Amino acid sequence: MEPENLALRPRDVRFDWAALPAHWIPGEPFATHMFNVMHLLLPEGERWFVEVFKEALPLITDERLREDVVGFIGQEAMHASAHQGAQDHLLQHGIDPAPYVRQLEWFFRERLDRPDGGRRWLVARLAVIAAVEHMTAFLGHWVLNSPKLDEAGADATMLDLLRWHGAEEVEHRAVAYDLFAHVDGGFVNRVAAMAIGFPALVWLWIRGVRYLMTVDPRCKGKARWRDLVRAGRKGLLPTVPYLVASILRYFKPGYHPSQEGSTSQAVAYLASSPAALAAEQ
């Protein structure tokens, strides 16, 4: 049975990356860098989420939704901070993320940051965030149910970061959608945002993994589509059909994020996560 009236709160987690190897999934540079893109992309994206949600706060007339949005803002800000620390470890292994990060800064801070764009621009950004949060909740659910990463010997601290973050994405998976529905909720706006947001996210992710594979002095080849298929078959990444099926569910007229993932599972992991437990103490 799923918990009701769950209060969202940020957890002040800390991770020690001193012993993190360059390829923290042993023998799997491609899968490692597919995850490493998160450390570059998510901090910029989540900071943008926070700014858009702050802009939307005055439009919220439902007190419970306001509480959820404030909790969401706190969690997203902490996610950005945690991944920033993981990003810094790349430099220690001779991988300079700065050129790719500068592209992200331009994209989020200049192309998408127009606070004077009026209500329609705010609604459009809220719709995109709701679409992206569907994808992050899907990824969060996947990583909470990915035993092949453990079997492959993935670094325990990195797995805790991914699963702590994934659990919180599942925990607050409905907030962005509910905020969009509260402010607008139009079906056309919802599906158009996914039709735009999903290809944009894939494009940014592909650019990121290609960049990391190119500048990593330990990698002798470039990222290839066959690497994605192979890693999916090995259970180290979501398979392409699994991802596509998740995206298609978003286009159903009766869709709601509560249908994705399990709050009980997310809360259970957060109650056992080493980083979350340390934050409580």
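Summary of computed values
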quantity	calculated
Count of segment 45-60 residues which are without any contact (Cβ under 8 Å) to a residue 60 or more places away in the chain and of a type in the set (Val, Ile, Thr)	1
Subset of segment 136-167 that is of a type in the set (Gly, Ala, Ser) and in a helix (DSSP H, G or I) - its residue that is farthest from the chain's Cα centre (by Cα)	ALA156
Matching residues, segment 146-204, being within 30 Å of ALA124 (Cα to Cα) and among the polar types (S, T, N, Q)	ASN189
Subset of segment 183-199 [charged (D, E, K, R) and part of a helix (DSSP H, G or I)]	ARG190
Conditions (1) buried (at least 21 other Cβ atoms within 10 Å of the Cβ); (2) at pLDDT 95 or above; (3) of a type outside the set (Phe, Trp, Tyr); number of the one not met by ALA181	(1)
First in segment 135-156 and among the polar types (S, T, N, Q), second anywhere and crowded, with 20+ Cβ neighbours inside 10 Å, Cβ under 6 Å, 6 or more apart	THR136/GLU169
Only listed residue being polar (S, T, N, Q) and either modelled with pLDDT under 90 or surrounded by fewer than 20 Cβ atoms within 10 Å (Cβ to Cβ) (or both), chosen from THR136, THR157	THR157
Spans of helices (runs of 4 or more DSSP H) in segment 200-281 with at least 3 residues over 21 Å from LYS148 (Cα atoms), touching a Phe, Trp or Tyr at 6+ places or on another chain (Cβ under 9 Å) and among the polar types (S, T, N, Q)	none
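Residues checked against (1) touching a helix residue (DSSP H, G or I) at 6+ places or on another chain (Cβ under 9 Å); (2) crowded, with 16+ Cβ neighbours inside 10 Å; (3) charged (D, E, K, R):
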residue	(1), (2), (3)
PRO238	yes, yes, no
PRO253	yes, no, no
ALA276	yes, yes, no
GLU280	no, no, yes
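The values are calculated or read from the model by the stated rules, or taken from the named source; none is laboratory data. All of these numbers come straight from a predicted model, not from anything done at the bench. So basically every Cβ, Gly included, is an ideal-geometry build from the backbone, and we count neighbours across all protein chains shown.
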